[in-house]
Amino acid sequence: CLKSNHELDVAKAVVSKYKEDGVLPSSGEEGLWRAKYIHDSAFHPETGDKQNILGRMSFQVPGGMLITGILMAFYKSPLEIFLGQWLNQSFNALVNFTNRSGDKPLPNSVILTAYITATSLATATSIGMNKVLGSKAPPLVGRFVPFMAVAVANMVNIPCMRQQELKEGVVLYDEDGNKLGNSPVAARNAITKVTISRICIAAPGMLLTPILMERLEKMPRFRSIGKWQSCAIQTVCVGCFLVAAVPFGCALYPQKQSISVEKLETELQESIRAKHPERRLVYYNKGL
């Protein structure tokens, strides 16, 4: 996420030139791979559009650590919960929209409705869980409430921001990138896997950091630290975990997924088999 627009455009030009003509850059194969890594971190795999920097997966570590640090330090009062979860779900909504599957532009009304629905439901879920569990649970368990709220909220946020895919389906391709149709079944598989991946990304930092803080705050030096000092410590801890968790979560399910033709909608199966009778697998972009 630290590359300039010029560097991103150069990387895109190198990758596009190789795809079209098979021409390697002057820096050779190593330069091509470097350009591809930069290209893939900033451009949508289907539309080719440059993604919003705050929504890129390459921004997950700095963005995620700041927001998660705030969530875990300010989690007791309803106002803290509301502001923290609103900030978190707004960020998640942007990430989910930026990394959605499909190449069709969405109308602004659909984007706005999905954002409001996702953020409202996720924030209400988070406040409800904090109110029910936070007041009855032991102090350490209370520190885990933000993670439980985030996990449940992800189950709401991701489908809401990608509801268009659930209605119309994700685009299916063959090995050569030729479009074969749209499948809501594949969309459900994609969104389920993305949700699991996001929870896995959040889990290490949000489950292990509370245990560390519980021990630190028993030490004389840390007993009197304020919320902002606690927030800073937790932000650094979460950042360290995210450095490993983000690549793991993204690699848990490859972005290019395959699905058996037999598992698709009946009409789509018939359409594919009529043109490609020997085909057993089709492919789609899962999103991130």
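Descriptive notes on the structure:
- Condition check for ARG34: over 30 Å from SER230 (Cβ atoms) and touching a Gly at 6+ places or on another chain (Cβ under 8 Å): no
- The lone exception for THR47 - which of (1) within 22 Å of PHE97 (Cβ to Cβ); (2) of a type in the set (Ser, Thr, Tyr); (3) without any contact (Cβ under 8 Å) to a residue 24 or more places away in the chain it fails: (3)
- The listed residue being touching a residue at least 12 places away in the same chain (Cβ under 8 Å), open to solvent by less than 10 Å² (accessible area, probe 1.4 Å) and over 29 Å from CYS237 (Cα atoms), out of VAL194, VAL145, VAL110, VAL170: VAL170
- Of the criteria (1) within 28 Å of PHE97 (Cβ to Cβ); (2) open to solvent by less than 30 Å² (accessible area, probe 1.4 Å); (3) of a type in the set (A, V, I, L, M), which one MET129 fails: (2)
- In the range 257-288, the qualifying residues are those that are outside any helix (DSSP H, G or I) and without any contact (Cβ under 8 Å) to a residue 40 or more places away in the chain, and the one that is nearest to PRO45 (Cα to Cα) is SER258.
- Yes/no for TYR253 being surrounded by fewer than 20 Cβ atoms within 10 Å (Cβ to Cβ) and in contact with a strand residue (DSSP E or B) (Cβ under 6 Å, 6 or more places away or on another chain): no
- Matching residues, the range 72-90, being closer than 16 Å to GLN229 by Cβ and open to solvent by less than 20 Å² (accessible area, probe 1.4 Å): MET72, ALA73
Here's the yes/no breakdown for (1) surrounded by 19 or more Cβ atoms within 10 Å (Cβ to Cβ); (2) touching a residue at least 40 places away in the same chain (Cβ under 8 Å); (3) among the hydroxyl-bearing types (Ser, Thr, Tyr):
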{"position": "SER4", "(1), (2), (3)": "no, no, yes"}
{"position": "LYS12", "(1), (2), (3)": "no, no, no"}
{"position": "SER27", "(1), (2), (3)": "no, no, yes"}
{"position": "GLY31", "(1), (2), (3)": "no, no, no"}
{"position": "GLN51", "(1), (2), (3)": "yes, yes, no"}
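- Filter pass, GLU175 being part of a loop (DSSP other than H, G, I, E, B), modelled with pLDDT of 80 or more, among the acidic types (Asp, Glu) and more than 21 Å from GLN60 (Cα to Cα): yes
The values are calculated or read from the model by the stated rules, or taken from the named source; none is laboratory data. The shown structure was predicted, so the numbers you read here are calculated from the model rather than taken from an experiment. A quick note on method: Cβ atoms are made from the backbone with ideal geometry, for glycine too, and the neighbour counts reach across all protein chains shown. For accessibility, only protein heavy atoms count, side chains too; no ligands or nucleic acids. Shrake-Rupley method; radii C 1.70, N 1.55, O 1.52, S 1.80 Å.
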